[in-house]
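S.K.: One structure, pasted below without further comment.
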Amino acid sequence: MRPLSYLPPAPAPQLRANPGPGSGPSRGPRPQPCGLPFPDALRAAAAAAAVSLSLISGNAVGAVFAASAAQPTEVCRNGGAAMVEEVRAEAVTNEQLVEEAWEVVNESFLPDAASRPWSPEMWMQRKQDVLQGTIKSRARAHDIIQKMLASLGDPYTRFLSPSEFSKMSKYDMTGIGLNLREIPDDNGSFKLMVLGLLLDGPAYSAGVRQGDELLSVNGVDVRGKSAFDASSMLQGPKETFVTIKVKHGDCGPVESMKVQRQLVARTPVFYRLEKRENDDSSVGYIHITEFNAVAKKDLVSALKRLQNSGASYFVLDLRDNLGGLVQAGIEIAKLFLNKGDTVIYTAGRDHLVQNTIVAESGPMIDTPLMLLVNNRTASASEIVASALHDNCKAVLVGERTFGKGLIQSVFELHDGSGIVVTVGKYVTPNHKDINGNGIEPDYNRLPDFNEARDYLSRCRIKELS
């Protein structure tokens, strides 16, 4: 089984040689001699993948990439690619497949997400019930897994057919037809490897192959950067060029190549400057419709232009923003926070899912901010709203938010199908559970900016006391 992560946020999926657990992201996959124990690697990758699945419902659909078999066979290519072929070739019975899915839930599922009572003892009984007889077909095994997951009462934990998993796992957010993943290196950092390639896409046509390491983008070293940051650097207007440097395989040559961008993420950031009535000051209004790979970059540009045009106050509109890439939301929240401020906490059964995400630098702007929300402000948007609100950086105006604060990870099963499992949840800096509760605004109607400024001042005083 292989946990899948989209980006960011999303570090590398881990491979399993048997239907049991693997080690953490810092260790490569290792075969288990017997049984179906659940390795640390699976859980670690699950924690990493968590920050990626953020839409309220529906499956992510993206480009389908060429398999690594499309490249010529070489002695010195990526060892992970060879492992993929080994795992693919490994036969797994229908009973083992069902038990593999059961094991993921047993080790990772967050009971808080279930609308029905759940305990390890009840789940063990479920396993004994479904594995009483012989499962005679793969279709029947898939049906059993679907019903087993449905019994949890969590709408976000679900089964993916092989075709659905293929689409979800090969999502391209770079604009040049490749998907990156983070692989730990020997120096305690990590390197960016090519996870998949769009067949006949720009990167593939330029000579990039499965298992190559990305070294730089337009002359900027990307070693140590996240897959999310590097993917954002690769983005640009359609038909423009980006220069990348890659290392072919583990010990192959280093090559620089010019790649023409083909796909482009549409900007989700719209902004304007408005003059205040009976006042000489101006307000910078910014509406973010979703969080995608270019959201942070375009928001930075918008903030700079509005500041240079004389904006004294800002309104950030997240109404009807259902989320998108959680890492994009996290990075955007950091633009407004002080160094060391908490963005969000993640909580789960496994300690590897438990994390505190903080801002690494100071705010880009430090002027009063109003943040507009409604009942369709969800997921990544709620992370931004709670981070800015709880750190006294923004006044929330509008309606209670949707309340989608669960973390899902995607795991590949040995026959190419997969399961999406809720493994954790987001908790605000003020230690409030977002899921099912949402975030209550400070005002239902837009207050005066002086009133908002006073509110934030009182908030900061209270925070320091």
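The values are calculated or read from the model by the stated rules, or taken from the named source; none is laboratory data. All figures in this text were calculated on a predicted structure; none of them were measured in a lab. Neighbour counts are summed over all protein chains in view; Cβ atoms, including those assigned to glycine, are modelled from backbone coordinates with ideal geometry. Areas reflect the complete protein model, heavy atoms only, side chains present, ligands, DNA and RNA absent. Shrake-Rupley method; radii C 1.70, N 1.55, O 1.52, S 1.80 Å.
S.K.: How many residues, within the stretch 418-437, are more than 15 Å from LEU388 (Cβ to Cβ) and more than 20 Å from the chain's Cα centre (by Cα)?
M.R.: 3
S.K.: What number of residues within the stretch 230-249 are farther than 14 Å from LEU214 by Cβ and over 26 Å from the mean Cα position of the chain (by Cα)?
M.R.: 3
S.K.: A follow-up question, please. In the stretch 264-278, what residues are closer than 21 Å to ALA230 by Cβ and either β-branched (Val, Ile, Thr) or open to solvent by less than 70 Å² (accessible area, probe 1.4 Å) (or both)?
M.R.: Scanning the stretch 264-278 gives VAL264, ALA265, THR267, PRO268, VAL269.
S.K.: Then there is this: Of all residues in the stretch 416-428, how many are of a type outside the set (A, V, I, L, M, F, W, C), at pLDDT 90 or above and surrounded by fewer than 21 Cβ atoms within 10 Å (Cβ to Cβ)?
M.R.: Selection size over the stretch 416-428: 0.
S.K.: Being under 20 Å from the mean Cα position of the chain (by Cα), assigned by the TED database to the domain that holds THR422 and assigned to a loop (DSSP other than H, G, I, E, B) narrows it down to one of THR346, THR377, so name that one.
M.R.: THR377
S.K.: If you don't mind, another one. Name the residues in the stretch 439-454 that are more than 33 Å from the chain's Cα centre (by Cα) and outside any loop (DSSP other than H, G, I, E, B), would you?
M.R.: PHE449, ASN450, GLU451, ARG453, ASP454
S.K.: Sticking with this structure for a sec: Out of ILE434, ILE461, ILE357, report the one residue that is buried (at least 22 other Cβ atoms within 10 Å of the Cβ) and either without any contact (Cβ under 8 Å) to a residue 24 or more places away in the chain or of a type in the set (Val, Ile, Thr) (or both).
M.R.: On the way: ILE461 fails: buried (at least 22 other Cβ atoms within 10 Å of the Cβ); ILE357 fails: buried (at least 22 other Cβ atoms within 10 Å of the Cβ).
Going through ILE434, ILE461, ILE357 in turn, just one is buried (at least 22 other Cβ atoms within 10 Å of the Cβ) and either without any contact (Cβ under 8 Å) to a residue 24 or more places away in the chain or of a type in the set (Val, Ile, Thr) (or both): ILE434.
S.K.: Another question about this same structure. Quick check, is LEU192 free of Cβ contacts under 8 Å to residues at least 40 places away in the same chain, open to solvent by less than 70 Å² (accessible area, probe 1.4 Å), within 18 Å of the chain's Cα centre (by Cα) and at negative phi?
M.R.: yes
S.K.: Right, next: Please specify each residue of the stretch 279-299 satisfying the condition of being outside any strand (DSSP E or B) and open to solvent by 30 Å² or more (accessible area, probe 1.4 Å).
M.R.: Across the stretch 279-299, the qualifying residues are ASP279, ASP280, THR289, GLU290, LYS296, LYS297, ASP298.
S.K.: Can you tell me which of GLN132, GLN146 is assigned to a helix (DSSP H, G or I), without any contact (Cβ under 8 Å) to a residue 24 or more places away in the chain, of a type outside the set (Val, Ile, Thr) and open to solvent by 40 Å² or more (accessible area, probe 1.4 Å)?
M.R.: Only one candidate passes the filter, namely GLN146.
S.K.: Could we say that SER309 is of a type in the set (Gly, Ala, Ser), farther than 13 Å from LEU178 by Cα, open to solvent by 20 Å² or more (accessible area, probe 1.4 Å) and not assigned by the TED database to the domain that holds LEU371 here?
M.R.: no
S.K.: Could you tell me whether the stretch 316-332 includes any residue that is touching a residue at least 60 places away in the same chain (Cβ under 8 Å), open to solvent by 20 Å² or more (accessible area, probe 1.4 Å) and among the acidic types (Asp, Glu)? Explain how you work it out, then say what you get.
M.R.: Filtering the stretch 316-332 down to residues touching a residue at least 60 places away in the same chain (Cβ under 8 Å) leaves 316, 318-319, 321-331.
Narrowing the set further to residues that are open to solvent by 20 Å² or more (accessible area, probe 1.4 Å) leaves 319, 322, 325, 327, 331.
After this cut, where a residue has to be among the acidic types (Asp, Glu) as well, the list is 331.
Yes.
S.K.: If I ask for residues that are closer than 18 Å to GLY252 by Cβ and either without any contact (Cβ under 8 Å) to a residue 12 or more places away in the chain or open to solvent by less than 10 Å² (accessible area, probe 1.4 Å) (or both), which ones from the stretch 195-212 would you list?
M.R.: Hits for the stretch 195-212 are LEU197, ALA203, VAL208, GLY211, ASP212.
S.K.: I'm trying to understand the selection: among the residues of the stretch 280-338, which are among the small types (Gly, Ala, Ser) and at positive phi? Don't jump to the end; show me each part of the working.
M.R.: Step one: filter the stretch 280-338 for residues among the small types (Gly, Ala, Ser), giving 281-282, 284, 293, 295, 301-302, 309-312, 323-324, 328-329, 333.
Residues satisfying the conditions are GLY310, GLY323, GLY324.
S.K.: Now, a different point. Under 6 Å by Cβ, and 6 or more places apart or on different chains, what pairs join a residue from the stretch 362-373 that is closer than 25 Å to THR401 by Cα with one that is open to solvent by 10 Å² or more (accessible area, probe 1.4 Å) and small (Gly, Ala, Ser)?
M.R.: So the pair list comes out as LEU372/GLY398; VAL373/GLY398.
S.K.: Quick check, is VAL384 within 30 Å of ALA91 (Cβ to Cβ), touching a residue at least 60 places away in the same chain (Cβ under 8 Å) and either within 24 Å of the chain's Cα centre (by Cα) or open to solvent by less than 20 Å² (accessible area, probe 1.4 Å) (or both)?
M.R.: Criteria not met by VAL384.
S.K.: Something else about it: Answer yes if at least one residue in the stretch 391-399 is among the small types (Gly, Ala, Ser), open to solvent by 10 Å² or more (accessible area, probe 1.4 Å) and assigned to a strand (DSSP E or B), and no otherwise. Write out each step before concluding.
M.R.: Kept after step one, since they are among the small types (Gly, Ala, Ser), are these residues of the stretch 391-399: 394, 398.
Checking which are open to solvent by 10 Å² or more (accessible area, probe 1.4 Å) leaves us with 398.
Next, from what is left, pick out any that are assigned to a strand (DSSP E or B): 398.
Scanning the stretch 391-399 turns up at least one residue that is among the small types (Gly, Ala, Ser), open to solvent by 10 Å² or more (accessible area, probe 1.4 Å) and assigned to a strand (DSSP E or B).
S.K.: Moving on. Using the structure shown, decide if GLY236 is in a loop (DSSP other than H, G, I, E, B) and out of contact with any helix residue (DSSP H, G or I) (no Cβ under 7 Å at 6 or more places or on another chain).
M.R.: When the stated conditions are applied, GLY236 passes them.
S.K.: Quick one: SER256 ticks every box in (1) open to solvent by 40 Å² or more (accessible area, probe 1.4 Å); (2) assigned to a loop (DSSP other than H, G, I, E, B) bar one, so which box is it?
M.R.: (2)
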